[in-house]
Amino acid sequence: MSGPLHSDRDRDAAQWFAARRRGIMSLEERTAYQEWLKDVDNASAMANLERIWEMVGIAEHHVAAEPAPSRGRLRPALVAAMCAVSIGIAALSYSGNPGFWTTLDWADR
């Protein structure tokens, strides 16, 4: 098979594979599937598809098994950034810059 689903046989294999993965096949579907599977080329196409599905499952398992990034370093960095922003705001508010804070003219009344 040179590429994914290049022949009618591969498309049929994919449809039967999906029907089997669905879990519920009618008696007519099961009979048609068994008849289709009797052809050696059809059985080979189904075996290739099942092998690919198994490899994808193995790869997915390995990717899922990767350790999650440590949150131990993220939290202190976030707290440090929040502190730096807070110190910057405090420095600006005490710098005597009248344009930074609005005047509270309602408090003067």
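The values are calculated or read from the model by the stated rules, or taken from the named source; none is laboratory data. Since we're looking at a predicted model, the values are computed, not measured. Note that we place each Cβ from the backbone using ideal geometry, even for glycine, and neighbour counts take in every protein chain shown. Heads up: the accessible areas ignore ligands, DNA and RNA and are worked out on the full protein's heavy atoms, side chains in. Shrake-Rupley method; radii C 1.70, N 1.55, O 1.52, S 1.80 Å.
Remarks
- All conditions but one from (1) hydrophobic (A, V, I, L, M, F, W, C); (2) open to solvent by less than 80 Å² (accessible area, probe 1.4 Å); (3) at pLDDT below 85 apply to Leu78; the one that does not is (2).
- The residues on offer are Ile52, Ile89, and the sole one that is among the β-branched types (Val, Ile, Thr), modelled with pLDDT of 80 or more, surrounded by 10 or more Cβ atoms within 10 Å (Cβ to Cβ) and out of contact with any Gly (no Cβ under 8 Å at 6 or more places or on another chain) is Ile52.
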